[in-house]
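Undergrad: Before I ask anything, let me first share the structure, which is written out below as structure tokens.
The values are calculated or read from the model by the stated rules, or taken from the named source; none is laboratory data. Everything numeric in this text was worked out from a predicted model, so none of it was measured. Glycine also receives a Cβ, built like all others from the backbone with ideal geometry; neighbour counts cover every protein chain displayed. With ligands, DNA and RNA removed, areas are computed over all heavy atoms of the protein, side chains included. Shrake-Rupley method; radii C 1.70, N 1.55, O 1.52, S 1.80 Å.
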Amino acid sequence: MFKVINTSKAPAAIGPYSQALIHGSLLFASGQIPIHPENGQVVEGDVKAQAHQVMKNIGEILAEAGTSYENVIKTTCFLKSMDDFAAFNEVYAEYFTGKPARSCVAVQKLPKDVLCEVEVVAII
């Protein structure tokens, strides 16, 4: 069985999915995009501005589940353009100091035409 994680401090799911699920001692968080949870709007700006909001959203989900960035063991990062790779990494490194395993790919398009999305797996 699993436990559904939901917090109003991160954006509500924009489709038929949960913000995150816990199974056993693992948290599986859905991809987070740069939506401000209070107004539901995409954060304006470059990939750095959007990445900071993505990381804040992830942090709130991790906190609701009783864990933190230090317990993230795997991330999957989606970028609209690999031209943003270095700038995205600067922001990413501020949050994921434990250097979890990671995949990072460029995709043709992301929801709401954002510049980045990140999903995580963490230990509870």
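Undergrad: Scan the chain and hand back the longest stretch that contains none of the chymotrypsin sites (Phe, Trp or Tyr not before Pro) lying in DSSP loops with at most 14 other Cβ atoms within 10 Å.
TA: 18-124
Undergrad: Which loop trypsin sites (Lys or Arg not before Pro) in region 21-124, with loop taken from DSSP, have no more than 11 other Cβ atoms within 10 angstrom of their Cβ?
TA: Lys109
Undergrad: Report, please, the projected area of region 38-124 averaged over directions, based on the convex hull of its C-alpha atoms, in nm².
TA: Mean projected area of the Cα convex hull: 5.5 nm².
Undergrad: Could I ask something else about it? Based on DSSP H runs of at least 4 residues, each adding -39500 (n - 2.57), what is the mean residue ellipticity at 222 nm of the chain after dividing by all its residues, to the nearest 500 deg cm²/dmol?
TA: -7500 deg cm²/dmol
Undergrad: For region 81-124, what is the accessible area per residue in Å² when the probe is 1.4 Å?
TA: Spelled out: the 1.4 Å probe surface of region 81-124, per residue, equals 56 Å².
Undergrad: Could you state the angle between the C-alpha long axis of helix 47-64 and the longest principal axis of the C-alpha atoms of the chain, as a value from 0 to 90 degrees rounded to the nearest 10?
TA: Long axis of 47-64 versus the principal axis of the chain: about 0 degrees.
Undergrad: Okay, moving on. How many percent of DSSP beta bridges within region 1-112 run antiparallel, rounded to 5?
TA: Of all bridge pairs located within region 1-112, approximately 55 percent are antiparallel.
Undergrad: Something else now. Quick one: how many lysine pairs does the chain have with C-alpha atoms less than 21 Å apart and a gap of 8 or more or different chains? Give me the count, please.
TA: Count of close lysine pairs: 17.
Undergrad: Before anything else, pin down the relative contact order of the chain: Cα pairs under 8 Å, at least 6 apart, normalised by residue count, whole percent.
TA: 32 percent
Undergrad: Gain in length, Ala49 to Glu90, computed as 0.36 nm per residue apart minus the alpha-carbon separation, to one decimal in nm?
TA: 13.6 nm
Undergrad: Please report, as a whole percent, how much of the solvent-accessible surface of the chain comes from carbon and sulfur atoms (probe radius 1.4 Å).
TA: 53 percent
Undergrad: Same structure again: Relative to the first principal axis of the alpha-carbon coordinates of the chain, what is the inclination of helix 85-95, with its axis defined by its Cα atoms, in degrees from 0 to 90 and to the nearest 10?
TA: 30 degrees
Undergrad: Say R0 is 30 Å: what FRET efficiency, to the nearest 0.05, do Ser81 and Ile14 get from their beta-carbon distance?
TA: 0.85
Undergrad: While we're on this one: Taking the solvent-accessible surface of protein heavy atoms with a 1.4 Å probe, what is the per residue accessible area of region 4-80 in Å²?
TA: Averaged over the residues of region 4-80, the accessible area is 48 Å².
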